[in-house]
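The values are calculated or read from the model by the stated rules, or taken from the named source; none is laboratory data. Keep in mind that what you see is a predicted model, and the values were worked out from it rather than measured. Positions of Cβ are backbone-derived with ideal geometry, glycine not excepted, and every protein chain shown enters the neighbour counts.
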Amino acid sequence: MGQDTVIEKAGLLLDSPSPGVAEVRLNRPEKLNALDEATYRALTEVFQQLHEDPAVRAVILCGAGRGFCSGSDIGAMLKTTGPAARARLQRRHATVQAIYRIEKPVVAAVHGPAAGIGFSLAMASDLILAAENAYFQQAFTNVGLVPDGGSVFFMGQRLGVARAKDLVMTGRRLGAQEALDWGVINRVLPEAQLMDEARALAAELAAAPTFVLGLAKKMFAATCAPSLETVLEIESYAADVARASNDHREGVMAFREKRKPLFTGE
């Protein structure tokens, strides 16, 4: 990927703002960068390619338009059930794993919402820079689903169980300053400065001994018990059970009818 060359690929824009730095921008601004199947596939492929590309030494993950990522495309998600829904979940898992496992530093630059799996994509990165207007949200319970995209794993590492349960069970928004105070993110910046700071940090990391940074990432991953893969297996089982629940059906109906859901706990 050369400098000053922007590549468009299935809901993504790929760029190289400086030598050794790849910028991956979610580019579905009309949907607040909600991810559909094509974008999940493209994001997985891109991070796998960046992993193999020796010219790339650091990566920026960001979003176009008004926000970072509002989660999965709900309209597309509601059309899949049974085995198709499980296959869709596995594709989301592949995307998160590709970001988490790349042996190069990844900087997430977040503005506006990072909701649902958008929160997971940010947490799968190594460092998170957030604009003052950024917020993070576990929105899964709003439609009667369990957290996916490795959210429980990543929140356990970054927040601890008590705070993770707060976000999952209430579905409330975690603002940028509170996220910084909790240790979820690394810096809070005015939105106008966000991308400049992210690019400067990525350039600094690209000039570092990135092979050693990759080894350090493996060491951090090795300290996690259970592993991301184990948590994703549990997540797949829980998601199957949740999709069969009355509360999920009610959550879907409420979403379609634009009303507040009436959950029964069944």
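General remarks:
- Ile102 falls short on exactly one of the conditions (1) β-branched (Val, Ile, Thr); (2) more than 30 Å from Met219 (Cβ to Cβ); (3) touching a residue at least 40 places away in the same chain (Cβ under 8 Å), and that condition is (2).
- Looking only at the range 214-266, and only at residues there that are over 29 Å from Gly75 (Cα atoms) and among the basic types (Lys, Arg), the one that is surrounded by the fewest Cβ atoms within 10 Å (Cβ to Cβ): Lys218
- Screening the range 86-129 for residues that are of a type in the set (Gly, Ala, Ser) and over 20 Å from Ala206 (Cα atoms) and picking the one that is surrounded by the most Cβ atoms within 10 Å (Cβ to Cβ) gives Ala114.
- Number of the condition not met by Phe153 [criteria: (1) modelled with pLDDT of 90 or more; (2) over 11 Å from Ser120 (Cα atoms); (3) not charged (D, E, K, R)]: (2)
- Applying the criterion of being in a helix (DSSP H, G or I) and among the polar types (S, T, N, Q) to the residues of the range 195-252, the residue that is farthest from Leu89 (Cα to Cα) is Thr210.
- Those helices (runs of 4 or more DSSP H) of the range 1-105 in which 1 or more residues are in contact with a strand residue (DSSP E or B) (Cβ under 8 Å, 6 or more places away or on another chain) and at pLDDT 95 or above occupy 37-52, 82-101.
- Those residues of the range 148-172 which are hydroxyl-bearing (Ser, Thr, Tyr) and within 16 Å of the chain's Cα centre (by Cα), in sequence order: Ser151
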